[in-house]
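*Asks:* Got a structure for you, written out below as structure tokens; questions coming shortly.
The values are calculated or read from the model by the stated rules, or taken from the named source; none is laboratory data. As the structure is a prediction and not an experimental result, all values here were calculated from the model. All Cβ positions, even for glycine, are placed from backbone atoms using ideal geometry, and neighbour counts span all protein chains on display.
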Amino acid sequence: MRLNEHPILNFQKRRGKKIKIYFEGQPLDAYEGETIAMALHAAGIRVLSYSGEKHRPRGLFCAIGKCSSCLVKVNGIPNVRSCITLVEDGMRIERQQGKEEIPKTVKPPQWKDAIKVEGDVVIIGGGPAGLMAAINAAKAGAKVVLIDENPMLGGQLVKQTHKFFGKREQFAGVRGVKIAEILIEQAEKNENIELYTETSAIGIFQENDRKLVVAIRKNKELVEFWGKAIVVATGAMEKMIPFENNDLPGIYGAGAIQTLMNTYGVKPADRVLIVGAGNVGLILAYQLLQAGVEVKAIIEAMPKVGGYFVHAAKVRRLGIPILTRHTILRAEGKEKVERAIVAQLDENWKPIPGTEKVFDVDVIALAVGLRPSIELLHQAGCQIAYIRELSGHVVRRDARMETTIKGIFVAGDAAGIEEATTAMLEGKIAGISAALYSGKSNISWLKEIEKTQKELTEFRSGPFGKHVLEGIKKVMVGEINE
Ligand SMILES: Cc1cc2nc3c(=O)[nH]c(=O)nc-3n(C[C@H](O)[C@H](O)[C@H](O)COP(=O)(O)OP(=O)(O)OC[C@H]3O[C@@H](n4cnc5c(N)ncnc54)[C@H](O)[C@@H]3O)c2cc1C
Ligand code: FES
């Protein structure tokens, strides 16, 4: 079902021309500008493929191209990520059955025919970190190429309908969706920035003093992006937790639910159980109510709520129970989620027999944290460390965001999980540093880096920042025990 009314967002304005797509032969309405997964969800279709060995149903999980649980066949071609591929009039979509071969009649593109694009700085990822890196590298004098695999720039910001905290110059009081619009407009207007959406970076290589990012555009074109410096701002991936049937369609990451309802105006469910009472889980509960979805409860394994008190108080006032010291035991349903079974935990984190509760829901939202997306940095050979305070494996880097490979910089959630304001500040530092490395900027820009470093320190001076600062200390080049 599509949402037509929303207190903040105007979906009617955002939707493109009405077109027809065909799902397993059945005609469906879709709108230009929406992805296959969103159009199918709007038509009530949750099962997108079946696993190879056990033929288990699979559906969306991340909705941003990172988990491959949404693969479908499009016009006969398998392995298409339906969550980031746009619909086209007359498109034929089928559920994928395990591993499927590319039809013999299809001739895959060859690397020798790849399109070549040159810049001084190549930026991977167009979220707040990547956009700020692009805008600032270009201001500092570099020719910038920015690529993003989603059809829309803005990263996670495009689905955040609430207002930001912090200082005025850091967009305090402005909604995330609006911040994304402002940054995208600045990048689009800058003649020194070339933008490529629907373009997935799949590898980073080096040839003498030039760097190469190889990528696939619109699932069919091979592109080589050449530059002197690279900024990796690939964001994060939502974490999964182990419980019985955790692969049933209808178990979604919190971000996927925000993508459905806030980006594409598709009602994600009728009744939801949220797992995780951090800020993401609490904000999600509120946004679900705004979209007319019933939130049955939020469960949290810790003894107290992890998110801000003001968010928790608002959610409770709206009648949503928050059950601390509870976990999910299993999901149940035929082909898709129909109910969730939860239980209370004892002081040893073991479920207490007899405390089971059943929630009749059609979606279970996992808001249990994120981990940095470092795959490309890992492949490029950057040194990696496991830093608990930064939520997983991260790359070692210095105060100017340069990794252990000269000329490769990192910013935002890919450098360690924080939030959008720090991602923007880190992006600015990485962008200017990359412009300096490329030789297209001058040292007067060092002052701007120092100023931004100070702003970052100030922003992290609160109680949540203390934890992150400890992690950053461990990850800094020269400051870790090897
Ligand atoms: C559900 C959810 C709710 C949140 N709520 C808040 C909030 O209320 N307030 C707040 O401050 N922060 C919030 N955050 C955190 C905040 O959104 C992130 O910290 C911030 O967006 C990080 O910015 P980024 O640019 O590093 O990454 P992202 O915004 O994730 O952007 C990364 C970009 O990289 C692209 N990309 C990734 N891999 C590739 C590749 N191989 N090739 C090409 N492109 C690629 C992606 O498509 C994406 O556009 C939330 C995060 C989530 C997931
Ligand atoms: S890749 Fe599409 S849902 Fe994760």
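*Asks:* What number of residues within region 333-355 satisfy the criterion of being exposed (fewer than 15 other Cβ atoms within 10 Å of the Cβ), touching a residue at least 12 places away in the same chain (Cβ under 8 Å) and either under 28 Å from the mean Cα position of the chain (by Cα) or within 18 Å of Pro242 (Cα to Cα) (or both)? So that I can check it myself, show each step before the final result.
*Replies:* We begin by selecting, within region 333-355, every residue exposed (fewer than 15 other Cβ atoms within 10 Å of the Cβ); these are 334-335, 338, 346-350, 352-355.
So of that shortlist, the ones also touching a residue at least 12 places away in the same chain (Cβ under 8 Å) come out as 335, 338, 349, 355.
Those still in the list that are either under 28 Å from the mean Cα position of the chain (by Cα) or within 18 Å of Pro242 (Cα to Cα) (or both) too: 335, 338, 349.
Summing the residues that are exposed (fewer than 15 other Cβ atoms within 10 Å of the Cβ), touching a residue at least 12 places away in the same chain (Cβ under 8 Å) and either under 28 Å from the mean Cα position of the chain (by Cα) or within 18 Å of Pro242 (Cα to Cα) (or both) in region 333-355 gives 3.
Rundown of residues vs (1) under 20 Å from the mean Cα position of the chain (by Cα); (2) more than 16 Å from ligand 2 (Cβ to nearest atom), yes/no style:
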| position | (1), (2) |
| --- | --- |
| Asp120 | no, yes |
| Ile123 | yes, yes |
| Asn136 | no, yes |
| Ala142 | no, yes |
| Asn150 | yes, no |
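*Asks:* Now a separate question. In this structure, is Gly44 in a loop (DSSP other than H, G, I, E, B), small (Gly, Ala, Ser) and either within 16 Å of ligand 1 (Cβ to nearest atom) or in contact with a strand residue (DSSP E or B) (Cβ under 9 Å, 6 or more places away or on another chain) (or both)? Give the steps one after another, and end with the answer.
*Replies:* Values: in a loop (DSSP other than H, G, I, E, B): yes; small (Gly, Ala, Ser): yes; either within 16 Å of ligand 1 (Cβ to nearest atom) or in contact with a strand residue (DSSP E or B) (Cβ under 9 Å, 6 or more places away or on another chain) (or both): no.
For Gly44, the condition - in a loop (DSSP other than H, G, I, E, B), small (Gly, Ala, Ser) and either within 16 Å of ligand 1 (Cβ to nearest atom) or in contact with a strand residue (DSSP E or B) (Cβ under 9 Å, 6 or more places away or on another chain) (or both) - is not met.
*Asks:* Among the residues of region 359-375, is there at least one that is over 26 Å from Ala180 (Cα atoms), assigned by TED's automatic domain parsing to the domain that holds Pro463 and crowded, with 18+ Cβ neighbours inside 10 Å?
*Replies:* No, there is no match, as no residue in region 359-375 is over 26 Å from Ala180 (Cα atoms), assigned by TED's automatic domain parsing to the domain that holds Pro463 and crowded, with 18+ Cβ neighbours inside 10 Å.
*Asks:* Where residues in region 232-253 are buried (at least 24 other Cβ atoms within 10 Å of the Cβ) and within 17 Å of the chain's Cα centre (by Cα), which of them is farthest from ligand 1 (Cβ to nearest atom)?
*Replies:* Among those residues, the one meeting the criterion is Ile251.
*Asks:* Continuing with this model, one more query. If only one of Leu146, Leu153 is part of a loop (DSSP other than H, G, I, E, B), of a type in the set (A, V, I, L, M) and at pLDDT 95 or above, which one is it?
*Replies:* On the way: Leu146 fails: part of a loop (DSSP other than H, G, I, E, B).
Unique residue meeting the criteria: Leu153.
*Asks:* Let me confirm something: among Glu335, Glu356, which residue is farther than 18 Å from Leu273 by Cβ and not β-branched (Val, Ile, Thr)? Steps first, please.
*Replies:* Values: Glu356 fails: farther than 18 Å from Leu273 by Cβ.
Only one candidate qualifies: Glu335.
*Asks:* Under the condition of being within 10 Å of ligand 2 (Cβ to nearest atom) and charged (D, E, K, R), which residue from region 61-104 is nearest to the chain's Cα centre (by Cα)?
*Replies:* Among those residues, the one meeting the criterion is Lys66.
*Asks:* Still on this structure, I have one more. Return the total of residues in region 181-224 being part of a loop (DSSP other than H, G, I, E, B) and within 20 Å of the chain's Cα centre (by Cα). Explain how you work it out, then say what you get.
*Replies:* Taking region 181-224 and keeping what is part of a loop (DSSP other than H, G, I, E, B), we get 190-192, 197-198, 208-209, 218-220.
Subset that is within 20 Å of the chain's Cα centre (by Cα): 197-198, 218-219.
Going through region 181-224 one residue at a time, the tally reaches 4.
*Asks:* Does region 391-412 hold any residues that are outside any strand (DSSP E or B) and either aromatic (Phe, Trp, Tyr) or within 12 Å of ligand 1 (Cβ to nearest atom) (or both), and which are they?
*Replies:* First, the residues of region 391-412 that are outside any strand (DSSP E or B): 391, 396, 398-401, 404-407, 411-412.
Scanning region 391-412 gives Ser391, Met401, Ala411, Gly412.
*Asks:* Which of the residues that make up region 170-180 are assigned to a helix (DSSP H, G or I) and either in contact (Cβ under 8 Å) with a residue 24 or more places away in the chain or under 17 Å from the mean Cα position of the chain (by Cα) (or both)? Break it down into steps so the answer makes sense when it comes.
*Replies:* Filtering region 170-180 down to residues assigned to a helix (DSSP H, G or I) leaves 170, 176-180.
Result: Gln170, Gly176, Val177, Ile179, Ala180.
*Asks:* Next question. With closer than 30 Å to Ala414 by Cβ and either in contact (Cβ under 8 Å) with a residue 60 or more places away in the chain or within 15 Å of ligand 1 (Cβ to nearest atom) (or both) as the only criterion, which of Gly90, Gly130 stands out? Give the derivation first.
*Replies:* Details: Gly90 fails: closer than 30 Å to Ala414 by Cβ.
It is Gly130.
*Asks:* Residues that are of a type outside the set (Ser, Thr, Tyr), farther than 23 Å from Arg14 by Cβ, within 16 Å of ligand 1 (Cβ to nearest atom) and crowded, with 16+ Cβ neighbours inside 10 Å: does region 100-108 have at least one? Steps first, answer last, please.
*Replies:* In the first step, residues of region 100-108 are kept if they are of a type outside the set (Ser, Thr, Tyr); the result is 100-104, 106-108.
Keeping just the survivors that are farther than 23 Å from Arg14 by Cβ gives 100-104, 106-108.
Next, only the ones that are within 16 Å of ligand 1 (Cβ to nearest atom) stay: none.
No: zero hits.
*Asks:* Just to check your reading of the model, which residue among Pro268, Pro242 is within 16 Å of ligand 2 (Cβ to nearest atom) and either out of contact with any Lys or Arg (no Cβ under 7 Å at 6 or more places or on another chain) or over 16 Å from Leu60 (Cβ atoms) (or both)? Quick ask: steps written out before the conclusion?
*Replies:* Details: Pro242 fails: within 16 Å of ligand 2 (Cβ to nearest atom).
Checking each option against the conditions leaves just Pro268.
*Asks:* Residues of region 47-57 being among the small types (Gly, Ala, Ser) and in a loop (DSSP other than H, G, I, E, B), which ones?
*Replies:* Within region 47-57, the subset among the small types (Gly, Ala, Ser) is 49, 51-52.
Scanning region 47-57 gives Ser51, Gly52.
*Asks:* Just name the residue that is nearest to ligand 1 (Cβ to nearest atom) out of those in region 74-87 that are closer than 16 Å to Lys218 by Cβ and not in a strand (DSSP E or B). Steps first, answer last, please.
*Replies:* Here is the first cut: in region 74-87, the residues closer than 16 Å to Lys218 by Cβ are 74-75, 77, 79-87.
Still in the running and not in a strand (DSSP E or B): 75, 82-85, 87.
Values: Asn75: 23, Ser82: 15, Cys83: 11, Ile84: 7, Thr85: 13, Val87: 18 Å.
Only one residue fits best here, namely Ile84.
*Asks:* Can you tell me which of Val117, Val121 is within 16 Å of ligand 1 (Cβ to nearest atom), crowded, with 22+ Cβ neighbours inside 10 Å and under 30 Å from Glu207 (Cα atoms)? Steps first, answer last, please.
*Replies:* On the way: Val117 fails: crowded, with 22+ Cβ neighbours inside 10 Å.
Val121 is the lone residue from the list that is within 16 Å of ligand 1 (Cβ to nearest atom), crowded, with 22+ Cβ neighbours inside 10 Å and under 30 Å from Glu207 (Cα atoms).
*Asks:* A further question on this structure: Check whether at least one residue in region 215-225 is within 21 Å of Thr403 (Cβ to Cβ), in the same structural domain as Ala140 (by TED's automatic domain parsing), surrounded by fewer than 22 Cβ atoms within 10 Å (Cβ to Cβ) and of a type outside the set (A, V, I, L, M), and report yes or no. Full working, then the answer.
*Replies:* Keep residues of region 215-225 that are within 21 Å of Thr403 (Cβ to Cβ), which gives 215, 225.
Add one more test, that the residue is in the same structural domain as Ala140 (by TED's automatic domain parsing), and what stays is 215, 225.
Still in the running and surrounded by fewer than 22 Cβ atoms within 10 Å (Cβ to Cβ): none.
Within region 215-225 (the criterion being within 21 Å of Thr403 (Cβ to Cβ), in the same structural domain as Ala140 (by TED's automatic domain parsing), surrounded by fewer than 22 Cβ atoms within 10 Å (Cβ to Cβ) and of a type outside the set (A, V, I, L, M)), the answer is no, since none of the residues qualifies.
*Asks:* Among the residues in region 58-70, are any closer than 24 Å to Gln287 by Cβ, out of contact with any Ser or Thr (no Cβ under 7 Å at 6 or more places or on another chain), part of a helix (DSSP H, G or I) and polar (S, T, N, Q)?
*Replies:* no
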